[in-house]
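The block underneath contains the structure these notes are about, expressed in structure tokens.
Every read-out reported here was derived from the displayed coordinates using simple, explicitly stated rules and does not represent laboratory data. For clarity, every value in this text was computed on a predicted model and none was experimentally measured. Here Cβ is always computed from backbone atoms with ideal geometry, including for glycine, and neighbour counts include all displayed protein chains.
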Amino acid sequence: MIPLAGLLVGILAGLYFDVSVPLELQPYLPIAIVAALDAVFGGIRAVIEGIFNDKVFVVSFIANVLIAAFIVFLGDQLGVGSQLSTAVIVVLGIRIFTNVATIRRHIFHA
Amino acid sequence: MSLLNDLFAKPLDPGYEDAAARRRAAGERPTSKRTWRSPALAIGLVALGLLLTMSVLQVRNTASVVSSERQGLIEQIHNEDERVSRLQGEVSSLESEIGRLESDLLQNSAAGQQTREEVESLQATTGAIAVTGPGVVVTVDNAAEQDAENGTDKVLDLDLRQVVNGLWSAGAEAVAINGQRITPLTAIRSAQNVIQINYRPMDAPYEVSAIGDPRSLARDFGDGSGGSWLRDIASSSGIYYDVDSEESLTLPAGNTPLSFAIPGEGS
């Protein structure tokens, strides 16, 4: 329940404070979100499998977001920003799907 | 393919396994049962929620800004259009007032009468006043079946120029296209696939009205360069055209303002 409450708190905080992203960081926001989603679902799966670890979660969360943003930034500099964004989204999307499928199997046993 | 295989087979961060293995090796339990209460996970989800909300709000704001900008531009265009037509109406009413005042002034003397007639004939020639008389109407329209790929089945500015030139050479004394008088300052050109006459966008069908001897004008036009041009494009690309004689045509005045050219030879 606590993680769910955290998600709600985050959403409400975003709505309440109406933080705006600096213009230069805007292209990296969607990618950062996908990376964060990947880390979060990985963490949830680890919890369910009983091998969750705070340090691994924090490091994977921050590293995922930064590396994804960096790859997109690099792609932008090389003129292949959209292709690299697609690559990042495909890779992270596959991981998210597989992890969520495992979570689903654990919860519903199906 | 090993990369993709890895991706499917081990979607979970290997770090979790390693950490668990290390803890097992150290003789501890891999993890406690109450990990749902891990502050790290909660903070991560707060961050995720924050990121999500920020991103969604950002996208919404951008969309609304773009659409309102667009709306503003459309409004501006309408306003300016209105202003242009209002100013044009003003110009034509002022021009007719000038004409009336001029003829009033010149009516008083015989020399003035003569000058007035001269001025009127010159104005009719240059298209500064409206003229009425018999003539022909040449209607040109795009082909019924459009070839979307290269668009050659549309009437081009070149075609209209050929028609107008053909009419002049057949003895037309005044020409107008869709109510736009052809004056010495008129340009028939296309901008962005739209034909502009007197810098006004025109739509098909194009009605080219010309005043002149109705019989010889139609005949000479048909025999001359304009008629042969129309026959050529009609047979090659299916453009429709029609030449009609009219008892009475009224061609409106054109706008012929001169800003730099001063009448006379100078000194």
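Brief remarks on what is shown
- Amide hydrogen neighbours beyond the local backbone of B:Ala174, cut-off 5 Å, H modeled: B:Ile211
- For the range A:22-108, the Cβ-based charge dipole about the Cα centre amounts to some 340 debye (Lys, Arg positive; Asp, Glu negative; other atoms uncharged).
- At most 11 other Cβ within 10 Å, DSSP loop - GluC sites (Glu not before Pro), the range B:47-151: B:Glu145, B:Glu149
- Computed from the C-beta positions of B:Ser64 and B:Val194 and an R0 of 25 Å, the FRET efficiency is 0.20 to the nearest 0.05.
- Computed FRET value (nearest 0.05) for B:Thr139 with B:Ser96, which takes r as the C-beta separation and R₀ as 30 Å: 0.55
- Each residue of the range A:66-83 was assigned a 3J(HN,Hα) from its phi angle through the Karplus expression (A = 6.51, B = -1.76, C = 1.60, θ = phi - 60°), giving 5, 5, 4, 5, 5, 4, 5, 4, 4, x, 4, 5, 8, x, 10, x, 5, 5 Hz with x at Gly and Pro.
- Using a Förster distance of 51 Å, the FRET efficiency for B:Ala26-B:Leu87 (Cβ separation, nearest 0.05): 0.05
- Shape category assigned to the range B:131-251 from the gyration tensor of Cα positions, a/c cut at 1.5: oblate
- The separation of the range A:87-104 from the range A:6-27, counted between C-alpha centres, amounts to 24 Å.
- Inter-label distance, nm, simple model (7 Å from Cα along the C-beta direction), B:Gln76/A:Ser20: 2.0 nm
- A helix-only calculation puts the protein assembly as shown at -21000 deg cm²/dmol for mean residue ellipticity at 222 nm, using -39500 (n - 2.57) for each DSSP H run of at least four residues, averaged over all residues.
- Global form of chain A, assessed from the alpha-carbon gyration tensor, a/c cut-off 1.5: oblate
- Karplus (6.51, -1.76, 1.60) ³J(HN,Hα), θ = phi - 60°, over the range B:88-98, in Hz, Gly and Pro reported as x: 5, x, 4, 4, 5, 5, 5, 5, 5, 5, 4
- Ordering of B:162-169, B:52-59, B:219-226 by burial proxy (mean other Cβ atoms within 10 Å per residue, highest first): B:162-169, B:219-226, B:52-59
- Contact order, relative form, for chain B: 22 percent (alpha carbon pairs under 8 Å, 6 or more residues apart, mean separation divided by residue count).
- Computed about its Cα centre, the charge dipole of the protein assembly as shown is approximately 3940 debye, with only Lys, Arg, Asp and Glu carrying charge at their Cβ.
- Charge dipole (chain B, unit charges on Cβ, about Cα centre) - positive-most of B:Leu249, B:Ala20, B:Gln71: B:Ala20
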